[in-house]
Amino acid sequence: MYQILEKQDLTPVIHLWRVEAPRVARRAQAGQFVILRHGEEGERIPLTIADWDREAGTVTVVFMQVGATTQKLSMLDEGDAVDDFVGPLGKPTEIAHYGTVVCVAGGFAIATIVPIARAMRGAGNRVISIMGFRTRELVFWEERLGQFSDELIVATDDGTYGRKGLVTEPLKEILERREVDRVIAIGPTVMMKFSSLTSKPFGVPTIVSLNPIMVDGTGMCGACRVEVAGETKLACVDGPEFDGHLVDWDLLMSRQRAYLDEEKASIERLHHRCQGGCHRG
């Protein structure tokens with residue numbers, strides 16, 4: 001069992017846990033993830049490692065309520081525990097002295113980009129960070145990311161905070177005005193796709209962290225397969241980070257939609273069997 005030592009509600013739907021997991025903490029690096037499970041028949045949930053403390057033996061993760069499982073997780077509190085907390089999984093981010101690195105994060109992927117920005121800054125890079133959210137209510141960790149950024153831009157889709165618009169707009173402006181050596185874009189699939197399309201004409205290497213459906217995290221199930229440069233890769237063991245200019249985005253998004261359609265159909269079948277008496281958050 002892995003105890004939750006600290007819980008923070010970063011927004012009404014985004015939550016932080018600091019979990020006691022010394023073996024994971026000892027080996028964790030920026031860009032890696034864990035798979036956690038709560039309950040004997042609980043769903044396996046992959047979450048990127050947001051922070052770690054090797055001395056204290058703790059790992060920090062952030063998640064957003066989007067369905068039944070994350071709704072149940074959000075109800076756990078300090079002192080509670082989850083059954084499984086497996087990791088660190090995946091390959092860590094390649095950290096080196098590139099020069100100027102632009103870190104682009106959308107939504108709760110801010111928690112993923114912070115340790116990467118910290119590591120890039122520690123390697124002597126100039127770090128420019130762009131944070132994107134749907135609305136002001138979902139903004140979190142602005143000050144934290146700012147600590148590791150030479151320049152920080154905040155954007156919201158509806159203009160309720162920072163500048164109005166998508167993250168690709170300030171990204172393009174930065175690429176037009178100065179030399180950039182690397183772009184790291186993490187967030188919703190569509191955001192990573194268009195960030196990659198934005199940087200491609202400038203010839204700037206662009207790294208994305210893919211989030212396909214994942215089951216075991218060891219490459220055995222094959223659910224997280226993606227096409228990169230015409231080759232099949234497994235996000236859990238070959239990634240999760242890949243060259244954004246080589247990802248088959250249309251295929252990835254098609255597979256994600258197919259899963260969501262099947263999940264919706266399963267919920268509808270369940271509701272039909274329960275004659276309207278069941279509820280899924």
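The values are calculated or read from the model by the stated rules, or taken from the named source; none is laboratory data. Model, not experiment: these values are computed from the prediction. Note that we place each Cβ from the backbone using ideal geometry, even for glycine, and neighbour counts take in every protein chain shown.
Some notes on this structure:
- The lone criterion from (1) modelled with pLDDT of 95 or more; (2) under 23 Å from His245 (Cα atoms); (3) under 20 Å from the mean Cα position of the chain (by Cα) left unmet by Leu152 is number (2).
Here's the yes/no breakdown for (1) surrounded by fewer than 15 Cβ atoms within 10 Å (Cβ to Cβ); (2) farther than 16 Å from Leu252 by Cα; (3) among the charged types (D, E, K, R); (4) outside the structural domain of Ala109 (by TED's automatic domain parsing):
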| site | (1), (2), (3), (4) |
| --- | --- |
| Glu169 | no, yes, yes, no |
| Glu173 | yes, yes, yes, no |
| Arg178 | yes, yes, yes, no |
| Val183 | no, yes, no, no |
| Ile186 | no, no, no, no |
| Val190 | yes, no, no, no |
| Ser195 | no, no, no, no |
| Ile213 | no, no, no, no |
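- Wholly within segment 15-118, strands (runs of 3 or more DSSP E) carrying at least 1 residues that are touching a strand residue (DSSP E or B) at 6+ places or on another chain (Cβ under 8 Å) and of a type in the set (S, T, N, Q): 45-53, 58-64, 100-106
- Selected residue (criterion: surrounded by the most Cβ atoms within 10 Å (Cβ to Cβ)) from residues of segment 143-158 that are assigned to a loop (DSSP other than H, G, I, E, B) and touching a Ser or Thr at 6+ places or on another chain (Cβ under 9 Å): Ser149
- Condition met for Ser74 (surrounded by fewer than 23 Cβ atoms within 10 Å (Cβ to Cβ) and among the hydroxyl-bearing types (Ser, Thr, Tyr)): yes
- Within segment 224-268, the set of residues being of a type in the set (Gly, Ala, Ser), at pLDDT below 80 and either surrounded by 11 or more Cβ atoms within 10 Å (Cβ to Cβ) or within 24 Å of Ser199 (Cα to Cα) (or both) comprises Ala258, Ser266.
- Members of segment 96-110 that are at pLDDT 90 or above, aliphatic (A, V, I, L, M) and surrounded by 19 or more Cβ atoms within 10 Å (Cβ to Cβ): Val101, Val102, Val104, Ala105, Ile110
Quick grid of which residues meet (1) aliphatic (A, V, I, L, M); (2) more than 19 Å from the chain's Cα centre (by Cα); (3) farther than 29 Å from Ser196 by Cα:
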| residue | (1), (2), (3) |
| --- | --- |
| Arg54 | no, yes, yes |
| Gln65 | no, no, no |
| Gln71 | no, no, yes |
| Glu78 | no, yes, yes |
| Ala96 | yes, yes, no |
| Val102 | yes, no, no |
| Ile110 | yes, no, no |
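- Residues located in segment 5-31, provided they are among the hydrophobic types (A, V, I, L, M, F, W, C) and in contact with a Leu (Cβ under 6 Å, 6 or more places away or on another chain): Leu10, Leu16
- Looking at Arg26, Arg18, just one residue is buried (at least 19 other Cβ atoms within 10 Å of the Cβ) and charged (D, E, K, R), and that residue is Arg18.
- In this structure, Gln65 qualifies as touching a Ser or Thr at 6+ places or on another chain (Cβ under 8 Å), farther than 22 Å from Gly90 by Cβ and outside the structural domain of Val139 (by TED's automatic domain parsing).
- Cross-chain or 6+ apart pairs with Cβ under 7 Å, segment 230-253 first and assigned to a loop (DSSP other than H, G, I, E, B), then of a type in the set (Val, Ile, Thr): Gly244/Thr206; Gly244/Ile207; Gly244/Val208; His245/Thr206; Leu246/Val228
- Pick from segment 189-210, criterion among the β-branched types (Val, Ile, Thr) and part of a helix (DSSP H, G or I), ranking: nearest to Ala223 (Cα to Cα): Thr189
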